[in-house]
Amino acid sequence: MGLTACTSQPAPADPAWVQSTPALGTGPATSEVEARRVDRVQPKLTWDKCGTAECGSVRLPLDYDEPDGTMIELSLTRVKVKDRKNRIGTLFVNPGGPAVPATGFALQAPDFFSKRVLARYDIVGIEPRGVGGRNVLRCFTSQDGLSQAMQGSVSTFPYSASEETAAVRTAKAVGRACSTTGKELAGAMSTAEVARDMDVLRRALGDEKLSFYGKSYGSFLGQVYANMFPDRIRSVVIDGVIDPRRWTGAAGSPDLDPGAAAEGAYRALTEIFTRCDKAGRVACPIAGNAARTFDELAQRLRTRSVTVDEPGYGRIAVGYDDLVANVLNSLYLPQGADDIVRTVQRYRAAARTSPAAAEPNPPTAQAGSGPASDYPGEGRYGVTCTDMDSRPTDAADFPALAAQADRKTPYFGRLWTWTYSVCASATWTVQDEDAYRGPFDRRTSEPVLVVGNYWDPATNYSGAKAVAGLLPNSRLLTSDNWGHTAYRFSPCVKSAVDAYLIQKALPADGTVCKENPQPFA
């Protein structure tokens with residue numbers, strides 16, 4: 001298969017914790033227990049027109065061990081192929097999150113997927129349980145209760161002592177509420193439940209095998225499905241890949257950067273500063289030890305906010321956490337390096353003119369939103385906290401854990417660590433007894449296409465390498481480009497993924513796509 005600007009280059013070395021030659025699983029076969037759970041459910045789908053798409057709803061068991069018990073209503077969106085004769089089937093999609101409705105992603109399918117894919121597949125997105133519609137996880141009985149629990153919490157992540165105290169208080173309050181008021185739904189929200197829902201709906205839509213594209217957290221959903229239902233796969237693409245062993249966490253060893261997100265973001269930012277210095281000040285105005293320039297600005301903002309003209313927000317005060325969040329947001333896009341340089345320039349100029357008496361450690365302004373605040377609501381915790389096999393005991397431990405993470409991966413370690421503070425086991429006590437936590441090395445009936453981006457700031461490339469080593473007959477497709485996930489940004493990756501989804505043709509082993517503009521080139 002000819003792929004534009006694709007080369008065979010050596011991939012970066014594995015981190016020490018990656019097992020490159022795992023033992024094979026026992027598949028391909030869905031276990032009798034899982035087959036019985038899902039195959040006895042006969043759902044009834046209803047559809048209505050909603051613009052150019054169809055909006056559907058379905059009632060499914062809250063607990064698949066009790067198919068005649070409490071039911072939950074899920075929403076779906078479908079974008080149908082016009083040419084029904086050449087239709088391959090249904091492509092289920094998930095945009096990540098967790099707890100982000102895939103219904104919206106399906107609506108955006110015409111702008112995301114190629115015309116080749118849209119001409120062969122119906123695109124279907126499921127609103128995961130507990131996320132939206134009539135079955136949102138609500139851990140508080142009133143908005144006042146939620147507001148009181150959130151009192152004093154900042155919009156991104158805490159870094160002063162007073163902010164950390166408020167964050168611990170909030171984490172404990174949310175954990176207790178979701179384990180009491182929200183217990184019934186929170187205890188049935190693990191990724192395994194979404195995989196079961198998807199398998200039931202696959203059959204209801206008439207597909208013999210599953211076709212799936214999942215990015216970011218959606219890569220974990222794809223892996224859970226592949227290992228729970230290894231013989232029910234036609235074509236599964238996971239893009240921006242999470243190592244499932246880190247996401248679930250080994251018993252007794254919690255991982256507070258399960259997507260290796262802090263590692264990926266720090267690695268990408270460091271590379272940008274290195275390339276900036278090599279390019280010089282004409283191409284990169286902060287060249288000449290750009291890393292030190294950034295760190296000096298970050299330290300300045302730790303003690304005092306500055307007032308800047310923030311695009312989209314007007315003239316506002318920004319602090320250290322806003323700088324980190326804005327930089328991380330920029331890393332999500334291929335052109336992020338230029339955005340980061342502009343941000344540093346604006347913040348440095350403001351710091352030089354800000355009065356010395358500025359209030360230390362002010363409340364954080366909403367200058368930008370990093371992943372710590374991308375997915376509001378309790379739904380995110382219903383997924384992450386029930387997926388994790390091992391969690392820190394007390395939310396009060398998180399200030400020390402965040403400081404430790406920041407020493408390992410400066411700037412981003414603290415942000416991502418605080419994301420999981422609600423999951424502390426002393427206060428988040430509800431669990432999903434049917435969560436799936438492995439094995440993740442089962443031989444699937446068809447290959448899984450694993451797509452990893454060298455400079456991904458949210459799902460480090462090491463995750464793709466690890467998963468390609470875990471799944472016995474998978475194929476790794478590498479993108480030497482920038483931004484979070486690869487299909488959307490790389491024509492080479494898009495071409496290879498399309499060929500796999502449509503023809504089940506895999507890219508050549510060792511394929512590396514490198515055709516996008518590089519920073520300061």
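The values are calculated or read from the model by the stated rules, or taken from the named source; none is laboratory data. Note that the structure is predicted; figures quoted are calculated from it, not measured. Methodologically, a virtual Cβ is constructed for each residue, glycine included, from the backbone with ideal geometry; neighbour enumeration extends over all protein chains shown.
Please go through the range 278-331 and give me each residue that is part of a loop (DSSP other than H, G, I, E, B) and touching a residue at least 40 places away in the same chain (Cβ under 8 Å), ordered by number.
ALA283, CYS284, PRO285, ILE286, ARG304, SER305, TYR313, GLY319
I'm trying to understand the selection: among the residues of the range 35-56, which are among the small types (Gly, Ala, Ser) and touching an Asp or Glu at 6+ places or on another chain (Cβ under 9 Å)?
Of everything in the range 35-56, just one residue is among the small types (Gly, Ala, Ser) and touching an Asp or Glu at 6+ places or on another chain (Cβ under 9 Å), namely GLY56.
Please go through the range 244-262 and pick out each residue that is part of a loop (DSSP other than H, G, I, E, B) and either over 12 Å from the mean Cα position of the chain (by Cα) or basic (Lys, Arg) (or both).
Within the range 244-262, GLY249, ALA251, GLY252, PRO254, ASP255, LEU256 qualify.
For TYR381, all conditions in the list (1) surrounded by fewer than 24 Cβ atoms within 10 Å (Cβ to Cβ); (2) part of a helix (DSSP H, G or I) hold save one; what is the number of the exception?
Of (1) surrounded by fewer than 24 Cβ atoms within 10 Å (Cβ to Cβ); (2) part of a helix (DSSP H, G or I), only one is false for TYR381: (1).
Does VAL467 count as out of contact with any Pro (no Cβ under 6 Å at 6 or more places or on another chain), touching a residue at least 12 places away in the same chain (Cβ under 8 Å) and over 19 Å from GLY336 (Cβ atoms)?
It is true that VAL467 is out of contact with any Pro (no Cβ under 6 Å at 6 or more places or on another chain), touching a residue at least 12 places away in the same chain (Cβ under 8 Å) and over 19 Å from GLY336 (Cβ atoms).
Across the range 67-82, which residue is surrounded by the most Cβ atoms within 10 Å (Cβ to Cβ) among those that are part of a strand (DSSP E or B) and not hydrophobic (A, V, I, L, M, F, W, C)?
THR77
Looking at THR90, THR141, can you tell me which residue is outside any helix (DSSP H, G or I) and surrounded by 14 or more Cβ atoms within 10 Å (Cβ to Cβ)?
THR90
Could you count how many residues in the range 471-499 are in a helix (DSSP H, G or I) and surrounded by 23 or more Cβ atoms within 10 Å (Cβ to Cβ)?
Result for the range 471-499: 4.
Among the residues of the range 120-129, is there at least one that is touching a residue at least 60 places away in the same chain (Cβ under 8 Å) and of a type in the set (A, V, I, L, M)?
Among the residues of the range 120-129, at least one is touching a residue at least 60 places away in the same chain (Cβ under 8 Å) and of a type in the set (A, V, I, L, M), which makes the answer yes.
Is it the case that the range 184-193 has a residue that's more than 30 Å from LEU328 (Cα to Cα), of a type in the set (A, V, I, L, M, F, W, C) and assigned to a helix (DSSP H, G or I)?
So far as the range 184-193 goes, yes, one or more of its residues are more than 30 Å from LEU328 (Cα to Cα), of a type in the set (A, V, I, L, M, F, W, C) and assigned to a helix (DSSP H, G or I).
In the range 28-65, what count of residues is obtained for those that are assigned to a strand (DSSP E or B), more than 15 Å from ASP197 (Cβ to Cβ) and of a type outside the set (D, E, K, R)?
Residues in the range 28-65 being assigned to a strand (DSSP E or B), more than 15 Å from ASP197 (Cβ to Cβ) and of a type outside the set (D, E, K, R): 5 in total.
Inside the range 206-222, can you point out the residues that are touching a Phe, Trp or Tyr at 6+ places or on another chain (Cβ under 6 Å) and not in a strand (DSSP E or B)?
Hits for the range 206-222 are PHE220, GLY222.
Only one of (1) at pLDDT 90 or above; (2) under 22 Å from the mean Cα position of the chain (by Cα) is not met by THR393, so which one is it?
Going through the list (1) at pLDDT 90 or above; (2) under 22 Å from the mean Cα position of the chain (by Cα), THR393 breaks only (2).
Going through the range 230-243 one residue at a time, which ones are closer than 20 Å to TRP482 by Cα and assigned to a strand (DSSP E or B)?
Within the range 230-243, VAL237, ILE238, ASP239 meet the criteria.
Regarding the range 169-191, can at least one residue be identified that is closer than 30 Å to GLN503 by Cα and within 21 Å of the chain's Cα centre (by Cα)?
There is at least one residue in the range 169-191 that is closer than 30 Å to GLN503 by Cα and within 21 Å of the chain's Cα centre (by Cα).
Give me a count of the residues in the range 144-182 that are within 16 Å of GLY379 (Cβ to Cβ), part of a helix (DSSP H, G or I) and among the β-branched types (Val, Ile, Thr).
Qualifying residue count for the region: 1.
Do we find a residue being part of a helix (DSSP H, G or I), surrounded by 18 or more Cβ atoms within 10 Å (Cβ to Cβ), under 25 Å from the mean Cα position of the chain (by Cα) and hydroxyl-bearing (Ser, Thr, Tyr) anywhere in the range 344-355?
No: zero hits.
Test each condition in (1) exposed (fewer than 15 other Cβ atoms within 10 Å of the Cβ); (2) within 23 Å of ILE238 (Cα to Cα); (3) modelled with pLDDT of 90 or more for LYS85 and report the one that comes out false.
If we test LYS85 against (1) exposed (fewer than 15 other Cβ atoms within 10 Å of the Cβ); (2) within 23 Å of ILE238 (Cα to Cα); (3) modelled with pLDDT of 90 or more, just (2) comes out false.
So if I check each of PHE157, PHE229, which one is crowded, with 24+ Cβ neighbours inside 10 Å, farther than 30 Å from PHE412 by Cα and in contact with an Asp or Glu (Cβ under 6 Å, 6 or more places away or on another chain)?
Within the list PHE157, PHE229, the selection yields PHE229.
Within the range 109-127, which residues are surrounded by 19 or more Cβ atoms within 10 Å (Cβ to Cβ) and either more than 30 Å from GLN503 (Cβ to Cβ) or over 22 Å from the mean Cα position of the chain (by Cα) (or both)?
Hits for the range 109-127 are VAL117, ARG120, TYR121, ASP122, GLU127.
Look at LEU221 and say whether it is within 22 Å of the chain's Cα centre (by Cα), crowded, with 24+ Cβ neighbours inside 10 Å, under 30 Å from THR343 (Cα atoms) and modelled with pLDDT of 95 or more.
no
So in the range 94-111, with the set limited to residues that are farther than 16 Å from SER57 by Cβ and part of a loop (DSSP other than H, G, I, E, B), which one is modelled with the lowest pLDDT?
Per the stated criteria, the residue is ALA99.
For every residue, the table says whether it meets (1) at pLDDT below 50; (2) over 25 Å from GLN223 (Cα atoms); (3) not aliphatic (A, V, I, L, M).
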position: LEU3; (1), (2), (3): yes, yes, no
position: PRO15; (1), (2), (3): yes, no, yes
position: SER20; (1), (2), (3): yes, no, yes
position: GLU32; (1), (2), (3): no, no, yes
position: GLY51; (1), (2), (3): no, yes, yes
position: ARG59; (1), (2), (3): no, no, yes
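If I ask for residues that are more than 13 Å from ARG37 (Cβ to Cβ) and in contact with a strand residue (DSSP E or B) (Cβ under 6 Å, 6 or more places away or on another chain), which ones from the range 47-66 would you list?
Selection gives TRP47, ASP48, ALA53, GLU54, CYS55, GLY56, SER57, VAL58, ARG59.
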